[in-house]
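The values are calculated or read from the model by the stated rules, or taken from the named source; none is laboratory data. Because the structure is predicted, anything quoted here is derived from the model rather than measured. When we count neighbours, we look across all protein chains shown, and the Cβ atoms used for this are built from the backbone with ideal geometry, even at glycine. Just so you know, the surface numbers come from the protein's heavy atoms only, side chains and all, with ligands and any DNA or RNA stripped out. Shrake-Rupley method; radii C 1.70, N 1.55, O 1.52, S 1.80 Å.
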Amino acid sequence: IEMLAQLMSAIEAVESPSVADMALEAIEILISLPCPDTREREQFVLRAATLLQRWFRRIDAAQVALLRTYADELGLAAVLPSQDQHTKADQDDSEWAALDGKKIALYSLKEAALRRVARVVGELCPGVRVQTFHDHVGGSPALRAASSTADIFVLATAAAKHAATIFIEACRPKTLVTLYARGQGSASLLDALRQFVVGRRGTS
């Protein structure tokens, strides 16, 4: 409990949307690990949600959607602060529309993270096709096909088997996009995609 209090105090002290991914990753850790005091976990999530509420206009739609996904898993969606009335309109016109019609593959050994990211990306861009993989070794026909054909392949190398990573990279044509998440969680996978679409928008 003391560690959670110190972590939240540190997050709140930053006073910047740059800490949003850190807060989301902390929530994911709390969801993934055994929790002897669910009330403390819920309070942490609600404090994080209140903090992110202040920055709805300054954080990405994917971060908002991921927060609500966590809340759904914990049964807290009904008590989250309501979304800003302009969030949906802003989201519809966001850079995530650049993924429409694309085929995206995700690889991580964290299956729950893969499910969350697939759900969020599908919400933000219904026209995207998302495949997820958590093979412990490379070489499956499905993974080979996705590695060869996916427009974008995102690898969470911090949560990956080395053999599978090498297999994917060997099958990727150089003309297709391969991205690397900086961490193991859902926020890191989404951030890799977000950085790509923001960079693409900036050069278009």
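Quick notes on this structure:
- Test: residue in the stretch 130-150 that is part of a strand (DSSP E or B), in contact with a Lys or Arg (Cβ under 8 Å, 6 or more places away or on another chain) and open to solvent by 60 Å² or more (accessible area, probe 1.4 Å): yes
- No other residue among Thr50, Thr69 is in a helix (DSSP H, G or I) and modelled with pLDDT of 90 or more apart from Thr69.
- With respect to the stated conditions, Ala61 is under 30 Å from Pro126 (Cα atoms), at pLDDT below 90 and out of contact with any His (no Cβ under 6 Å at 6 or more places or on another chain).
- Top-ranked residue of the stretch 156-194 - restricted to ones that are open to solvent by 20 Å² or more (accessible area, probe 1.4 Å) and among the polar types (S, T, N, Q), ranked as farthest from the chain's Cα centre (by Cα): Thr175
- Selection of the stretch 1-24 for residues being touching a residue at least 12 places away in the same chain (Cβ under 8 Å) and either surrounded by fewer than 18 Cβ atoms within 10 Å (Cβ to Cβ) or in contact with a Phe, Trp or Tyr (Cβ under 6 Å, 6 or more places away or on another chain) (or both) yields Ile1, Leu4, Leu7, Met8, Glu12, Pro17.
- Within the stretch 25-47, the residues that satisfy the criterion of being in a helix (DSSP H, G or I), open to solvent by 40 Å² or more (accessible area, probe 1.4 Å) and aliphatic (A, V, I, L, M) are Ile29, Leu46.
- Residue match in the stretch 142-163 (condition: polar (S, T, N, Q) and under 22 Å from Ile29 (Cα atoms)): yes
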